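Encoded as structure tokens, the structure appears first; notes follow it.
Rule-based calculations on the coordinates, nothing more; no lab input. Since this is a predicted model, take the numbers as computed values, not measurements. Cβ placement follows ideal geometry from the backbone for every residue including glycine, while neighbour counts extend to all protein chains displayed.
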Amino acid sequence: MKKRIALCFILIFALLVTSMPYTATAKATLKSRILKQTSGKSGTFSVGVLNLRTGESVYINDVKVRAASVIKVFVMMAAYRKVKAGGLKLNKIIKLRDRTIERVGGTGILQGKPTGYKISVAKLIEYMIMYSDNRAANIMTDMLGFKYINETIKKYGYTADTQLGYYFCLTPVPAGKSNTIRVKDLNLLFKRLYKKICISPVYDNQMIQIMKKTINRTKLCALLPKGTTVAHKTGSITNHEHDAGIIFSKGGDFAISVLAQAPNGGNTIRVISKIALEAYNYYNGK
């Protein structure tokens, strides 16, 4: 009889453990999977994974990192905050100008457009994320102002480590000016967008839909099953490769941010792809 009771307790315990995949023990398992991918690799990987259904999370090397273009999601957030307040219209038409902040290279599709080319604020925001367009980002930054963008970041409770200090792809960068970010701040933003508690349900959904259009799918998306929906923003500058966003899956939707301070190119990008796949497989029981 005692043996049967003991066996029952063992079975109940086993069922409890297996029915709670996001416990501290399971988190450590996900962490170990991620560390397996980063171990022995050149550079430092800041990684944050946040289950948007359960709230459980894993963070590795959550430190301030040069942001590259991933900080454009916060420029987008500030723009929609101003739209909601009535200080900016999405259908407002602006003309491209011949000025320093618009004569920039890097990613985007507006660099070749002529002076006087007309475009709406809504399209500028979309191109800033979808194509990581630096000209669009600089126009939006100038329109909103550094003070307003950074005040918005602070007002909404993000850390002082996430800050927009200068324009995109514009050199030389003044001393003491830099764009920096943290994975926890990115995941907090994605959580708020996902739960429709950031700016407004309508605008939060619009921001997610824009992020789903991101054309660069070489990092978080590369190894995921075909058809997986990802809303994300990439970034790349010298010795930095980033990708951050929301991965939607049957086993659980989750925010994931990977900021790599590592050599540019295929090896670093491949690690980011493998980290995303590890998280996807973990939440989908693989």
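When the Debye formula is applied to the Cα atoms of the chain, each taken as the same point scatterer, what base-10 log of I(q)/I(0) results at q = 0.07, 0.14 Å⁻¹?
These q points yield log10 I(q)/I(0) values of -0.28, -0.98.
Among rounded, prolate and oblate, which fits segment 32-161 when a ≥ b ≥ c are the square roots of the eigenvalues of its C-alpha gyration tensor, a/c under 1.5 means rounded, and a/b larger than b/c means prolate?
Working: a/c = 2.53, a/b = 1.69, b/c = 1.50.
Cα axes put segment 32-161 in the prolate bin.
Order of 55-62, 215-222, 178-185 by packing, highest average Cβ count within 10 Å first?
Details: 55-62: 16.8, 215-222: 19.4, 178-185: 22.8.
Going from most to least packed, we get 178-185, 215-222, 55-62.
If I stretch the segment between LYS36 and THR229 completely, what's the gain in nm (0.36 nm per residue apart, minus their alpha carbon distance), one decimal?
67.0 nm
Based on the alpha-carbon gyration tensor of segment 161-243 and its eigenvalue square roots a ≥ b ≥ c, which shape applies: rounded if a/c is under 1.5, prolate if not and a/b is larger than b/c, or oblate?
Values: a/c = 2.26, a/b = 1.35, b/c = 1.67.
Taking the square roots of the gyration eigenvalues as a ≥ b ≥ c, segment 161-243 is oblate.
Assign unit charges at the C-beta atoms only (+1 for Lys and Arg, -1 for Asp and Glu), then state the dipole size of segment 150-246 relative to its Cα centre in Debye, rounded to the nearest 20.
Working: 15 positive and 6 negative charges, 68 e Å.
For this selection, approximately 320 debye.
Determine the shape class of segment 57-128: with a ≥ b ≥ c the square roots of the Cα gyration tensor eigenvalues, call it rounded for a/c under 1.5, and otherwise prolate if a/b is greater than b/c, oblate otherwise.
Numbers: a/c = 2.99, a/b = 1.45, b/c = 2.06.
Because a/c hits 1.5 or more and a/b fails to exceed b/c, segment 57-128 counts as oblate.
Beyond a 22 Å Cα-Cα separation, which of these cross-linked pairs lie in this structure: LYS64/LYS155; LYS123/LYS274; LYS84/LYS219?
On the way: LYS64/LYS155 19 Å; LYS123/LYS274 32 Å; LYS84/LYS219 33 Å.
The pairs that break the limit, which is 22 Å between Cα atoms, are LYS123/LYS274; LYS84/LYS219.
Taking only the alpha carbons of segment 133-286, what extent do you get along each of the three principal axes, in Å, biggest first?
Computed over the Cα atoms, the extents are 47, 38, 25 Å.
Which of LYS92, LYS31, LYS123 moves the most in a Gaussian network model of the chain with Cα springs under 10 Å?
Ranking LYS92, LYS31, LYS123 by mean-square fluctuation puts LYS92 first.
Using 1/(1 + (r/R0)^6) with R0 = 25 angstrom and r between the beta carbons of ASN205 and LYS250, what's the FRET efficiency to the nearest 0.05?
Values: r = 21 Å, r/R0 = 0.83.
That pair, ASN205 with LYS250, gives E of 0.75.
In debye to the nearest 20, how big a dipole does the chain give about its Cα centre with +1 on each Lys and Arg Cβ and -1 on each Asp and Glu Cβ? Intermediate results must be reported in sequence, preceding the final value.
On the way: 45 positive and 15 negative charges, 105 e Å.
With Lys and Arg at +1 and Asp and Glu at -1, about 500 debye.
Counting only C-alpha contacts under 8 Å and six or more residues apart, can you give the relative contact order of the chain as a whole percent? Present the calculation step by step, with values, prior to reporting the outcome.
Numbers: 493 pairs, mean separation 64.5, N = 286.
Once normalised by length, the contact order is 23 percent.
Please compute the modelled spin-label separation between ILE197 and LYS154, points set 7 Å along Cα→Cβ, answer in nm with one decimal.
Here the modelled spin labels are 2.4 nm apart.
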